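Derivation of every value follows stated rules applied to the coordinates shown; laboratory data play no part. As the structure is a computational prediction, the values presented were derived from the model and not from experiment. Quick reminder, even Gly has a Cβ in these numbers, built from the backbone with ideal geometry, and neighbours come from all protein chains shown.
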Amino acid sequence: MTTIALFGAGGKMGMRLGRNLRGTHFAVRYVEVSPAGRERVREGLGVACVEADHAVHDADAVILAVPDTAVGAVATALLPKLAPGTIVVILDAAAPHAGHLPERADITYFITHPCHPPIFNDETEPAAKADYFGGIAAKQHIINALMQGPEEHYALGEEVARAIWAPVMRSHRVTVEQMAILEPGLSETVCATLLDAMREAMEEAIARGVPREAARDFLIGHMNILAAVTFKEIDGVFSDACNKAIVFGKETILRPDWKRLFEPDEIRASVRRIT
């Protein structure tokens, strides 16, 4: 049986992963340093936490469900305790891409991250429709990277990833560098920023007299159809008027050199700010 040590088990992400690991064929050992977190694991998962030394003894994989800013310190503290061939699973590319993982050639670093449930989906059950983050009831895709380690470790890493992010549809293999382009580059620096700008624009419309509920309903509805056309979810095109508005909007809202955000130096700087 494959043994997994889950660090940060009592945190928000650790509890999510711990729930999904229950009922799998993995033998899971839960590690949490805070008394409150240990109590959450006991009450929420019905298991007792163990000490780190016991958890990593003969463990096949170690999952670090800890904040990006703590990944390097936790990994450094654990490294002397890990047996050769241990797979260390990290849930975000930020710390690995920033160089915060300690060097040790005989262990594997495997990074995995959820894509989150897509806005275009076939979910019908209430629990799935309300699962925006994923890992509870809604299906989602995931991305994975084998940063270092033997090729055969990718299969086990992906198996663990599919379990912790379940239910999973597609599982994409990328490099660590590509994962950093996707986050923080694409998902946070670009997508989250533009979404926040749309929220600010909605508030501006409200400030200029549009009823709040009308403004929100109008924006959310248009986000749905405009996204469906833009990402080819449906066979449709924008009107000439809309296309003209897009040209004017880009010239007015976006800086001409905004795509420099994806240059390697910019990605590295963004990751450094996060970690």
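Tell me, what ³J(HN,Hα) does each residue in segment 132-149 have, in order and in whole Hz, if you take phi through Karplus 6.51 cos²θ - 1.76 cosθ + 1.60 with θ = phi - 60° and put x for Gly and Pro?
In residue order, the calculated couplings are 7, 7, x, x, 10, 9, 7, 6, 8, 9, 9, 10, 9, 9, 8, 6, 7, x Hz.
Considering amide H positions built from the backbone, and no H for Pro or chain starts, which residues 5 or more places from ASP92, or on another chain, come under 5 Å of its amide H?
Result for ASP92 returns THR112.
Describe numerically, in nm with one decimal, the distance between label points set 7 Å from Cα along Cα→Cβ at ALA130 and at ARG42.
2.9 nm
Would you mind checking the radius of gyration and Dmax of segment 161-266 based on alpha-carbon positions, in Å?
17.5, 49
So for the chain, taking the charge dipole from beta-carbon charges (+1 Lys/Arg, -1 Asp/Glu), which of SER187, MET169, ALA145 sits furthest toward the positive end?
Of the options given, the answer is SER187.
Hey, with R₀ at 41 Å, roughly what FRET efficiency would PHE120 and ASP53 work out to, going by the Cβ-Cβ distance, to 0.05? Provide the component values of the computation, followed by the final result.
On the way: r = 47 Å, r/R0 = 1.13.
Between PHE120 and ASP53 the formula returns 0.30.
Give me the net charge for the shell around ALA83: Cβ to Cβ below 15 angstrom, other residues only, Lys and Arg +1, Asp and Glu -1.
-1
Label-point separation (nm) for ALA27 and ILE225, each offset 7 Å from Cα along Cα-to-Cβ?
Between ALA27 and ILE225, the simple spin-label model gives 5.8 nm.
Report Rg(Cα)/(2.2 N^0.38 Å) for segment 79-122, keeping two decimals.
Taking the Cα Rg and dividing by 2.2 N^0.38 Å, one obtains 1.56.
Once you have the alpha carbon radius of gyration of the chain, what is it after dividing by 2.2 N^0.38 Å, with N set to its residue count?
For the chain, the normalised Cα radius of gyration comes out at 1.15.
Taking the Cα centre as origin and putting +1 on Lys and Arg beta-carbons and -1 on Asp and Glu beta-carbons, what dipole magnitude results for the chain, to the nearest 20 debye? Don't skip to the answer; put the middle values down first.
On the way: 28 positive and 36 negative charges, 78 e Å.
In total the dipole reaches around 380 debye.
Rounded to whole Hz and in sequence order, give me ³J(HN,Hα) for segment 169-174 from the Karplus expression 6.51 cos²θ - 1.76 cosθ + 1.60, θ = phi - 60°, writing x for Gly and Pro.
Residue by residue, segment 169-174 yields 9, 7, 10, 9, 9, 9 Hz.
Going through the cross-link list LYS139/LYS259; LYS139/LYS244; LYS12/LYS81; LYS232/LYS259; LYS12/LYS129, which pairs have a Cα-Cα distance over 27 Å in this structure?
LYS139/LYS259; LYS139/LYS244
Nearest 20 debye, what's the magnitude of the dipole of segment 1-160 about its Cα centre given +1 on Lys and Arg Cβ and -1 on Asp and Glu Cβ?
Values: 12 positive and 19 negative charges, 100 e Å.
Result for segment 1-160 is approximately 480 debye, rounded to the nearest 20.
Just flag the trypsin sites (Lys or Arg not before Pro) in segment 7-76 sitting in loop per DSSP whose Cβ has no more than 15 other Cβ atoms within 10 Å.
Loop-located and lightly packed - ARG22.
Take every DSSP beta bridge with both residues inside segment 77-164 and express the antiparallel ones as a percent of the total, to the nearest 5.
Here the share of antiparallel DSSP bridges comes out near 60 percent.
Local charge sum around GLY134 (other residues, Cβ-Cβ under 12 Å, Lys/Arg +1, Asp/Glu -1)?
With Lys, Arg at +1 and Asp, Glu at -1, the neighbours total 0.
Mind listing the long-range amide H neighbours of GLN140? Cut-off is under 5 Å, sequence gap 5 or more, other chains count too, H placed in the peptide plane at 1.01 Å from N.
Residues meeting the amide H criterion: VAL168, MET169.
Quote the FRET efficiency, to the nearest 0.05, computed for GLU213 versus VAL190 with a Förster distance R0 of 41 Å and r equal to the Cβ-Cβ distance.
0.90
Name the longest site-free stretch of the chain, where the excluded sites are GluC sites (Glu not before Pro) in a DSSP loop with no more than 13 other beta-carbon atoms within 10 Å.
Numbers: sites that count: GLU51, GLU103, GLU151.
Within the chain, the longest run free of exposed GluC sites (Glu not before Pro) spans 152-275.
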